[in-house]
Each structure stands twice: as structure tokens, then as C-alpha cells.
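Enquirer: Here you go, one structure.
The values are calculated or read from the model by the stated rules, or taken from the named source; none is laboratory data. Computed from a predicted structure; not experimentally measured. Here the Cβ is made from the backbone with ideal geometry for all residues, glycine too, and neighbour counts use every protein chain on show. To get the accessible areas, we keep the full protein, side chains included, count just its heavy atoms, and leave off ligands, DNA and RNA. Shrake-Rupley method; radii C 1.70, N 1.55, O 1.52, S 1.80 Å.
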Amino acid sequence: DPALIAEGEKVFKKCAACHKVGDKARNGTGPLLNNIVGHPAGQIDGFKYSKPLLTMADSGLVWDEASLDAFLANPKGFMKGTRMSFAGLKKQDERAAVIAYLSTFND
Ligand code: HEM
């Protein structure tokens, strides 16, 4: 849905201080977010994840739409001790939009 993706591009401004997407994306404060939707957590080369994230990744966490929605709604509630210092996206439509936008950076 192009309108949802366009909305997600706007929402991603809240993420962009820490996360990059696209051809020239590099890790920064947070890992780059190409190929994240539908993929296992904690797999971006060269990024030093927190212990809680690596523990959940070892337990099989995959960033599907449901887990991304829960994490982005309340990062520290979903993942106690995460280094992602972000209050979260309270609005479900903003979460759906940013997930749709991120999906466009899958191979
Ligand atoms: C981790 C998305 C905002 C810093 C992650 C992960 C996702 C994500 C999906 C897990 C990546 C993986 O498993 O490889 C988002 C989105 C945001 C957002 C969509 C905006 C809505 C932010 C902001 C910051 C940040 C604003 C910095 C202030 C981090 C850090 C991690 C992380 C440091 C690693 C967490 C850890 O190791 O515990 N983010 N993020 N993120 N993000 Fe964000």
C-alpha cells in the first residue's frame, strides 16, 4: 500500500537518528535495518547488541509483524534491558506504517 509506505517514511524520522536504511546504510547507535522484517533478531554484522537482545535472539526471536509491533509499542517492556532508548510508538497505525516502510528494504 503506497500510502502506508509513505506514512511509514515519515514515522521513520523518529528512528533515523539511530537507524539507517538503504544502499549506503551503516550501523550507528542502532543497527542498520535493511532486511529486518521477517528475519531473526540480532543478526546484523558488526553491531554490538545488548545481552537481553542476544538472549531473545538465541531463544528464536524473529522480527515478524507481530513481534515488531510489540517491540515498537514498548521497547523496554518487550525486551527488559534493551539498549534501544526509545519510548516507543503509541499509535498502532504508526507502527503498521513504519513496518510497511521497513519491508521495502528487504532484498
Ligand atoms: C534495535 C527498530 C528507534 C536504537 C532495534 C531493532 C529494531 C529497531 C527492529 C532490532 C534490530 C535487530 O535485531 O537486528 C527501530 C525503529 C525505531 C527505532 C523502527 C523507530 C520507530 C530507535 C532509536 C534509537 C534506537 C530512536 C536510539 C535512540 C537502537 C539500539 C538497538 C536497536 C541501540 C539495539 C538494541 C539492543 O542491542 O538491545 N531497533 N528502532 N532505535 N535500536 Fe531501534
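Enquirer: How about the range 64-88: which of its residues are acidic (Asp, Glu) and within 6 Å of the ligand (Cβ to nearest atom)?
Expert: Residues satisfying the conditions do not exist here.
Enquirer: Now for a different question. Having 1 or more residues that are in contact with a helix residue (DSSP H, G or I) (Cβ under 7 Å, 6 or more places away or on another chain) and of a type in the set (Val, Ile, Thr) is the bar; report the helices (runs of 4 or more DSSP H) wholly within the range 31-107 that clear it.
Expert: Counting at least 1 such residues, we get 92-103.
Enquirer: Restricting the search to the range 64-107, which residues are open to solvent by 50 Å² or more (accessible area, probe 1.4 Å), of a type in the set (S, T, N, Q) and without any contact (Cβ under 8 Å) to a residue 60 or more places away in the chain?
Expert: Asn74, Ser85, Gln92
Enquirer: Filter the range 28-48 down to the residues that are closer than 14 Å to Asp107 by Cα and not aliphatic (A, V, I, L, M), then identify the one that is most open to solvent (accessible area, probe 1.4 Å).
Expert: His39
Enquirer: Quick check: anything in the range 8-20 assigned to a strand (DSSP E or B), within 11 Å of the ligand (Cβ to nearest atom) and either surrounded by 12 or more Cβ atoms within 10 Å (Cβ to Cβ) or of a type in the set (A, V, I, L, M, F, W, C) (or both)?
Expert: Here is the first cut: in the range 8-20, the residues assigned to a strand (DSSP E or B) are none.
No: the range 8-20 contains no residue that is assigned to a strand (DSSP E or B), within 11 Å of the ligand (Cβ to nearest atom) and either surrounded by 12 or more Cβ atoms within 10 Å (Cβ to Cβ) or of a type in the set (A, V, I, L, M, F, W, C) (or both).
Enquirer: Here are Leu4, Leu61: which of them is surrounded by 14 or more Cβ atoms within 10 Å (Cβ to Cβ), of a type outside the set (S, T, N, Q), under 21 Å from Leu89 (Cα atoms) and more than 9 Å from the ligand (Cβ to nearest atom)? Talk me through it step by step, then tell me what you get.
Expert: On the way: Leu61 fails: more than 9 Å from the ligand (Cβ to nearest atom).
That would be Leu4, the only listed residue that is surrounded by 14 or more Cβ atoms within 10 Å (Cβ to Cβ), of a type outside the set (S, T, N, Q), under 21 Å from Leu89 (Cα atoms) and more than 9 Å from the ligand (Cβ to nearest atom).
Enquirer: Taking the range 30-52 on its own, how many of its residues are within 12 Å of the chain's Cα centre (by Cα) and either more than 15 Å from Ala100 (Cα to Cα) or near the ligand (Cβ under 9 Å from one of its atoms) (or both)?
Expert: Of the residues in the range 30-52, 11 are within 12 Å of the chain's Cα centre (by Cα) and either more than 15 Å from Ala100 (Cα to Cα) or near the ligand (Cβ under 9 Å from one of its atoms) (or both).
Enquirer: For the range 17-26, give me each residue that is within 21 Å of Asp107 (Cβ to Cβ) and within 13 Å of the chain's Cα centre (by Cα). Can you show your working first?
Expert: First, the residues of the range 17-26 that are within 21 Å of Asp107 (Cβ to Cβ): 19-26.
Across the range 17-26, the qualifying residues are His19, Lys20, Val21.
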